Amino acid sequence: MRSVDSARIGIIGLGYVGLPLAVEFGKRFPTVGFDIKPDRIAELRAGRDSTLEVEPEDLALAVHLSYASETEALRDCNVYIVTVPTPIDAAKRPDLGPLEKASETVGRVLKPDDVVIYESTVYPGATEEVCVPILERMSGLVYNRDFFVGYSPERINPGDREHRLVNIVKVTSGSTPETADFVDQLYGRIVEAGTYRVSSIRVAEAAKVIENTQRDVNIALVNELALLFHRLGIPTDEVLEAAATKWNFLPFRPGLVGGHCIGVDPYYLTHKAQQIGYHPEMILAGRRINDRMGGYVAGRVAKLMTQRKLHVVGAKVLVMGLTFKENCPDLRNSRVVDIINELRTYHAETDVYDPWIDPRAAREEYGIDPLAELNGQQYDAVIVAVGHRQFSDLGVERIRRLLKPGGVLFDCKYIFPADQVDGRL
């Protein structure tokens, strides 16, 4: 096994996970940041990151980092770190296509004694069952004799300025004890919070996938409680605040559950569970609850409008926010789209305003043309779907000026006091 000091690193995929990793390694090691999108490479070479995860001054500090979209640029590397997305398909089954293609790319340049590390979230066993055979087939090399594999799950939280790569403990693993040592030492060079080495790749894979599954189930419980308390006429936020006075109460809030992790990872675990003949009841129940919350919000708004004698058919509704979470431009698996689609079944007309997003990305991903700015048009209902700071800064009075007389203001994110809005989750 080669020494960490001789590492020449290739990062495969320069999204929310890969770019911060490439920048940190690029401060210390010869590093190639590889992405199949030439536009992404061009913007990074120009010192700009459209995901807003890395500031221009931090990009400039990575003096050993270069960018490429050609596979040949990876040939001199001896450590490859795969950070591509692992989404789900329309049937909510794992889509391993990007991971398989990345493995093919690495396999074309893999050499004896090289190490391949995966960070993409997968179900337990996927690295060795899916990725390793591709590496062997493409390279003609033998696993754990000619090349070695590690797994160190990503823990990036898009838009979070407090919890960053360097101050989050990094779980590490390797296909042999020597590889595990190498992977652990490599990440130890950049992660100030330290590393946590586990006994196997499968343990590391499982640890990652349950982190977000646990959050998903907890949010599902609070979402179900919100549905119940609404029927009972009890304010959910007041109940949660009262319960939170006990030291061990977990402070989850109801809401839409989307994004690249919480809304996706549980399906990877349930897929594997069903493969081995186990039906995961609680995990799937949580997913069903969370997946229907967008439709529930649209239904609540329609009912409030009807109670005020506002016609839902042909109504104009403004949805504020399209990203999957506040204060970041990430549109992946946004469940705000469920609200919009449900409103369309009522034949309501929807406008979308989100100051964080790239309009082109919204069109390509969801077929939505967002407003460039709030232009003074008035609406029958306004739904604050994402808690962007710009919406808090606007204030409830200015948002209410967007409403026609009797119009409905629905706050999904609890950013305004309950007595100043017409409905909340």
Query raised in the report: How many residues are more than 19 Å from residue 86 (Cα to Cα) and outside any loop (DSSP other than H, G, I, E, B) when one looks only at segment 144-171?
Result: 6
Query - Subset of segment 141-154 (residues that are among the polar types (S, T, N, Q) and open to solvent by 30 Å² or more (accessible area, probe 1.4 Å)) - result: 144
Query raised in the report: Filtering segment 19-31 down to residues that are more than 18 Å from residue 192 (Cβ to Cβ) and surrounded by 24 or more Cβ atoms within 10 Å (Cβ to Cβ), which residue is farthest from the chain's Cα centre (by Cα)?
Result: 31
Query raised in the report: Considering only residues of segment 368-401 that are under 18 Å from residue 298 (Cβ atoms) and over 23 Å from the mean Cα position of the chain (by Cα), which is most open to solvent (accessible area, probe 1.4 Å)?
Result: 380
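Results for (1) within 30 Å of residue 163 (Cα to Cα); (2) free of Cβ contacts under 8 Å to residues at least 12 places away in the same chain; (3) polar (S, T, N, Q), shown as yes or no for each residue.
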site	(1), (2), (3)
38	yes, no, no
70	no, yes, no
91	no, yes, no
94	yes, no, no
103	yes, no, yes
115	yes, no, no
122	yes, no, no
129	no, yes, no
142	no, yes, no
Report task. Select, from 322, 318, 331, the only residue that is under 29 Å from residue 363 (Cβ atoms), without any contact (Cβ under 8 Å) to a residue 60 or more places away in the chain and crowded, with 20+ Cβ neighbours inside 10 Å. Result -> 331
Report task. For residues that are aromatic (Phe, Trp, Tyr) and under 30 Å from residue 347 (Cβ atoms), tally how many sit in segment 241-298. Result -> 1
Query raised in the report: Pick from segment 78-133 the residues that are within 22 Å of the chain's Cα centre (by Cα) and among the hydroxyl-bearing types (Ser, Thr, Tyr): which of them is surrounded by the fewest Cβ atoms within 10 Å (Cβ to Cβ)?
Result: 86
Query - Residue identified as open to solvent by 20 Å² or more (accessible area, probe 1.4 Å) and of a type outside the set (S, T, N, Q) among 286, 299 - result: 299
Requested in this report: Of the numbered conditions (1) outside any helix (DSSP H, G or I); (2) within 25 Å of residue 160 (Cα to Cα); (3) out of contact with any Gly (no Cβ under 7 Å at 6 or more places or on another chain); (4) of a type in the set (Val, Ile, Thr), residue 23 fails exactly one; give the number of that condition.
Outcome: (1)
Requested in this report: Assess whether residue 273 counts as being closer than 19 Å to residue 230 by Cα and open to solvent by 10 Å² or more (accessible area, probe 1.4 Å).
Outcome: no
Query - Odd one out for residue 138, checked against (1) buried (at least 17 other Cβ atoms within 10 Å of the Cβ); (2) in contact with a helix residue (DSSP H, G or I) (Cβ under 9 Å, 6 or more places away or on another chain) - result: (1)
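The values are calculated or read from the model by the stated rules, or taken from the named source; none is laboratory data. Model, not experiment: these values are computed from the prediction. All Cβ positions, glycine included, derive from the backbone under ideal geometry; neighbour counts span all protein chains shown. Note: accessible area is taken over every heavy atom of the protein model, side chains too, but ligands, DNA and RNA are not part of it. Shrake-Rupley method; radii C 1.70, N 1.55, O 1.52, S 1.80 Å.
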